[in-house]
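Visitor: One structure is given below, represented as structure tokens, and several questions about it will come after.
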Amino acid sequence: MAETPRRTGQRRSAQRDGAAPRARSTARASAAPRSSRSRGGARPAGAAPRTRSGARPAGGGPRARGGLVPAARVGSPVVRFRLLAVLVIFAVVVLGGRLMWVQGLDASARAEEAVKQRTVERTISPLRGDIVDRDGAVMARSVERYDLWVNQLQVGEYLERKKDAPETGAPAAAKALAPLLGKSVEETQALLTGESGFQYLLKNVEPAVRDAVVALKIPGIGSDRVADRIYPAGQVGGNVIGFVGADGAALGGAELSFDDRLRGTSGSTTYERGSGGQILPNGRTQIVPAVDGQDLVLTLDSDLQWKAQQVLADTVGKFGASGGSAVALNIRTGEVLALAETPTYDPNDPGATDEKYRGNQSLSNVFEPGSTGKLLTVTTALEQGTITPTSQFTAPYTLEVDGETYRDSHEHETKRYTVAGILKDSSNTGTVQIAQTVTPQQRYDTLRAFGLGEPTGVGLAGESAGILHPVSDWHGRMNYTTSFGQGYAVTPLQMVSALGAFGNGGVRMHPTLVAGTRDGAGVFTPAPIAEGVRATDPETAAQVMTLMDNDIPDDGTANAGIPGYAVGGKTGTAQVAGGTYTASFIGMAPMDDPEIIVGVFVYGLTSFVSGNTAASPAFAQIMGYALQTQGIAPTGVPGRTLENEW
């Protein structure tokens, strides 16, 4: 045991004397195993001598596992310091470069991102354009209103700098604001208190209320301009004007069909806000003004529209009908002067009326025209030269053709009619004989030329094209029922437009409802006028006008007569599905120089009532009023009378 310190000291002495350190190895070559030693520490006989210097014996192999553990190598403090210094300098350079990038080169991008995060954009609603009649009478208008709102986070600042204020914040604001809102103080304070950055206080208030609220200068309270749509004329023209929803979206009539001109373009206000939602005084602010919609100028005469609706309602009530329509057009231009319906509705409160009455029956209700269609059969034969107004026919009560029997509306003995008489007495059997003088294809072509089977293009939504089957589908009875207005269907506007061509030299004008638009500066832009379509030649048109004039006596005895004016027209009655009847009368005046054509249609008659009885009196009232309001004086030219029998 005393050898150990001595050997250690010898090794250190050897190293100090310049001896090479002992090389590491996994084992010593030729070394005897530790287990072969005696307990006294003596070497066994013949054992190789131990080398104290640590050098391997000659022919040395690897060290044995039980050899001495070499001393740990200790790093230089100078090297460690230099390495640490390099790491610190590198970190400083990286962080400094990043700081320079953020604060210098990338500062604008970071600032812009921060601005975006605190920027708010709010929409400025435009005012919808007015809808006015031909004389400028307002039928729909948007009035300026405001929605009041509050940022509850800011209300606490109210009066806080006023030292003598008995109350501040929401309690004080509620007391000042409640009378203006028409609410209790408690209810108002509840609206002002909380953590919401946006809360509506009251919607759709008048500008005076908004101004009074803003004048209180309560922090956090603001307003958005909105519009309230009103209809000053109420039910007058309701089916034409249409209406908008609570959100201002167009839902029917002209409001919907011409929405692109009426609605305008929304604007916006953009501003920066602080953490409490307040507008930053020095922040960016941008206002894009809203562009209000254009005013829509209609061709309607609101006075005539009112009169037509009143007369129509009285007529429907008198005969127990389900409804009715009245159409008035300017023959020369196609302008719609009146488009009346009953039942109708008030656009100020459309929900109070059944949805089925919020449309426009003049455009959507299809029915067989009945006897008014006889004028188009006569037109075909006149064009083809197979008849003249004085051509003679024998018309029995019933007539059999190709195995089918046709009859007149009332039983009578055989009549000897001229073409004029067939139209005046509305004989079906006489009309079938006129139809036999031309082909079905020729009659079909005439119906198409007068615009049947296609929409009129007036521009309102929901218009029907009517029903007009091709000639290939005309078989059996339909070959000749089409001659007296059965087997095809029309809308009131279609039929009035069609017959108006006779008063315009044979040229059919497209019905138009819009006269033009007017911008915010009051500049009027007229709507383009579609060219007319020639439906028949001028000579034929003139002959049909004479036949229509012959139908209405000027002696004051006719239901459709108007004192002082020569009136012409044609009645119609047709049975519809369900067993009810539609009665009609379409006429124009003055017949020597016609300007206006009016059609009256009475739906849902529970029993047969002729057009002369149900519709003609209403026609006379509406047409008489129209002639007055349009300033059309009597010409003094009497009506024409033809020979009706031979």
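The values are calculated or read from the model by the stated rules, or taken from the named source; none is laboratory data. Predicted, not measured: the structure shown is a model, and the values here were computed from it. Cβ coordinates were reconstructed from backbone atoms using ideal geometry, including for glycine residues, and neighbour counts include every protein chain displayed. Areas reflect the complete protein model, heavy atoms only, side chains present, ligands, DNA and RNA absent. Shrake-Rupley method; radii C 1.70, N 1.55, O 1.52, S 1.80 Å.
Visitor: With the requirement that a residue be surrounded by fewer than 23 Cβ atoms within 10 Å (Cβ to Cβ) and not aliphatic (A, V, I, L, M), what does the range 566-580 give you?
Guide: Within the range 566-580, Gln575, Gly578, Gly579, Thr580 qualify.
Visitor: For Gly520, indicate whether it is in contact (Cβ under 8 Å) with a residue 24 or more places away in the chain, surrounded by fewer than 22 Cβ atoms within 10 Å (Cβ to Cβ) and touching an Asp or Glu at 6+ places or on another chain (Cβ under 7 Å).
Guide: Yes, satisfied.
Visitor: Taking Ile562 as the residue in question, decide whether it is modelled with pLDDT of 95 or more and in contact with a strand residue (DSSP E or B) (Cβ under 7 Å, 6 or more places away or on another chain).
Guide: Considered against the rule, which asks whether it is modelled with pLDDT of 95 or more and in contact with a strand residue (DSSP E or B) (Cβ under 7 Å, 6 or more places away or on another chain), Ile562 comes out as no.
Visitor: Now a separate question. Is it the case, given these coordinates, that Gly516 is within 24 Å of Ser364 (Cα to Cα) and within 24 Å of the chain's Cα centre (by Cα)?
Guide: no
Visitor: Going by the conditions given, is Leu256 among the aliphatic types (A, V, I, L, M), in contact (Cβ under 8 Å) with a residue 40 or more places away in the chain, open to solvent by 20 Å² or more (accessible area, probe 1.4 Å) and under 26 Å from Ile221 (Cα atoms)?
Guide: When the stated conditions are applied, Leu256 does not pass them.
Visitor: Could you tell me whether Gly599 is within 18 Å of Gly373 (Cβ to Cβ) and within 36 Å of the chain's Cα centre (by Cα)?
Guide: Spelling it out, Gly599 is indeed within 18 Å of Gly373 (Cβ to Cβ) and within 36 Å of the chain's Cα centre (by Cα).
Visitor: Return yes when Gly556 is modelled with pLDDT under 95, under 37 Å from the mean Cα position of the chain (by Cα) and not in a strand (DSSP E or B) and no when it is not.
Guide: No.
Visitor: Continuing with the same structure: If only one of Ala212, Ala254, Ala249, Ala233 is of a type in the set (A, V, I, L, M, F, W, C), out of contact with any Lys or Arg (no Cβ under 8 Å at 6 or more places or on another chain), at pLDDT 90 or above and over 30 Å from Gln305 (Cα atoms), which one is it?
Guide: Only one candidate passes the filter, namely Ala212.
Visitor: Would it be correct to say that Ala308 is buried (at least 24 other Cβ atoms within 10 Å of the Cβ), modelled with pLDDT of 95 or more and under 26 Å from the mean Cα position of the chain (by Cα)?
Guide: no
Visitor: Criterion first (without any contact (Cβ under 8 Å) to a residue 40 or more places away in the chain and either under 38 Å from the mean Cα position of the chain (by Cα) or part of a loop (DSSP other than H, G, I, E, B) (or both)) does Pro528 satisfy it?
Guide: So Pro528 passes the test.
Visitor: Just checking, how many residues over the range 610-644 are in contact with a Phe, Trp or Tyr (Cβ under 6 Å, 6 or more places away or on another chain) and either among the acidic types (Asp, Glu) or not in a helix (DSSP H, G or I) (or both)?
Guide: 2
Visitor: Going by the structure shown, is Val92 at negative phi, surrounded by 10 or more Cβ atoms within 10 Å (Cβ to Cβ), modelled with pLDDT under 75 and not in a loop (DSSP other than H, G, I, E, B)?
Guide: Taking the combined requirement at face value, the residue does not satisfy it.
Visitor: While we're here: For the range 157-189, name all the residues that are open to solvent by less than 30 Å² (accessible area, probe 1.4 Å) and touching a Phe, Trp or Tyr at 6+ places or on another chain (Cβ under 7 Å).
Guide: Gly169, Ala172, Ala173
Visitor: Same structure, new question: Take the residues in the range 205-241 that are among the β-branched types (Val, Ile, Thr) and assigned to a loop (DSSP other than H, G, I, E, B), then tell me which one is farthest from the chain's Cα centre (by Cα).
Guide: Filtering the range 205-241 for residues that are among the β-branched types (Val, Ile, Thr) and assigned to a loop (DSSP other than H, G, I, E, B), the one farthest from the chain's Cα centre (by Cα) comes out as Ile218.
Visitor: Any chance the range 511-534 includes a residue that's among the acidic types (Asp, Glu) and in contact with a helix residue (DSSP H, G or I) (Cβ under 7 Å, 6 or more places away or on another chain)?
Guide: no
Visitor: Can you tell me which of Tyr146, Tyr200 is among the hydroxyl-bearing types (Ser, Thr, Tyr), in contact with a Phe, Trp or Tyr (Cβ under 7 Å, 6 or more places away or on another chain) and either modelled with pLDDT of 90 or more or part of a strand (DSSP E or B) (or both)?
Guide: Just a single option satisfies the conditions, and that option is Tyr200.
Visitor: Ok, one more. Out of the residues in the range 311-347 that are under 28 Å from the mean Cα position of the chain (by Cα) and among the charged types (D, E, K, R), which is surrounded by the most Cβ atoms within 10 Å (Cβ to Cβ)?
Guide: This residue is Glu341.
Visitor: If you scan the range 397-409, which residues turn out to be open to solvent by 30 Å² or more (accessible area, probe 1.4 Å), part of a loop (DSSP other than H, G, I, E, B) and without any contact (Cβ under 8 Å) to a residue 60 or more places away in the chain?
Guide: Result: Tyr397, Gly403.
Visitor: Determine, yes or no, whether Val533 is β-branched (Val, Ile, Thr) and either under 18 Å from Ile597 (Cβ atoms) or open to solvent by 30 Å² or more (accessible area, probe 1.4 Å) (or both).
Guide: yes
Visitor: Ok, one more. So if I check each of Arg98, Arg110, Arg80, which one is basic (Lys, Arg), part of a helix (DSSP H, G or I) and either on the phi > 0 side of the Ramachandran plot or modelled with pLDDT under 70 (or both)?
Guide: Only one candidate qualifies: Arg110.
Visitor: Here are the criteria: (1) over 19 Å from Glu383 (Cβ atoms); (2) over 32 Å from the mean Cα position of the chain (by Cα). Tell me which single one Asp537 does not satisfy.
Guide: (1)
Visitor: State which residue is surrounded by the most Cβ atoms within 10 Å (Cβ to Cβ) when the search covers only the range 436-457 and only residues that are among the hydroxyl-bearing types (Ser, Thr, Tyr) and in contact with a helix residue (DSSP H, G or I) (Cβ under 7 Å, 6 or more places away or on another chain).
Guide: Thr456
Visitor: Something else now. Cβ-Cβ distance below 8 Å, separation of 6 or more or different chains: which pairs start in the range 304-328 with a residue that is within 12 Å of Gln235 (Cβ to Cβ) and without any contact (Cβ under 8 Å) to a residue 40 or more places away in the chain and end on one that is open to solvent by 10 Å² or more (accessible area, probe 1.4 Å) and polar (S, T, N, Q)?
Guide: Going by the 8 Å Cβ cut-off, the qualifying pairs are Ala313/Thr342.
Visitor: Name, by its number, the condition in (1) crowded, with 16+ Cβ neighbours inside 10 Å; (2) assigned to a loop (DSSP other than H, G, I, E, B) that does not hold for Thr386.
Guide: The failed condition is (1).
Visitor: In the range 181-218, which residues are among the polar types (S, T, N, Q) and within 16 Å of Val155 (Cβ to Cβ)?
Guide: Thr188, Gln189, Thr193, Ser196, Gln199, listed by residue number.
Visitor: Could you please find all residues in the range 130-143 being assigned to a strand (DSSP E or B), at pLDDT 95 or above and open to solvent by less than 60 Å² (accessible area, probe 1.4 Å)?
Guide: Ile131, Val132, Val138, Met139, Ala140
Visitor: Ser364 fails exactly one of the following numbered conditions: (1) closer than 20 Å to Thr491 by Cα; (2) free of Cβ contacts under 8 Å to residues at least 12 places away in the same chain. What is the number of that condition?
Guide: Every listed condition holds for Ser364 apart from (2).
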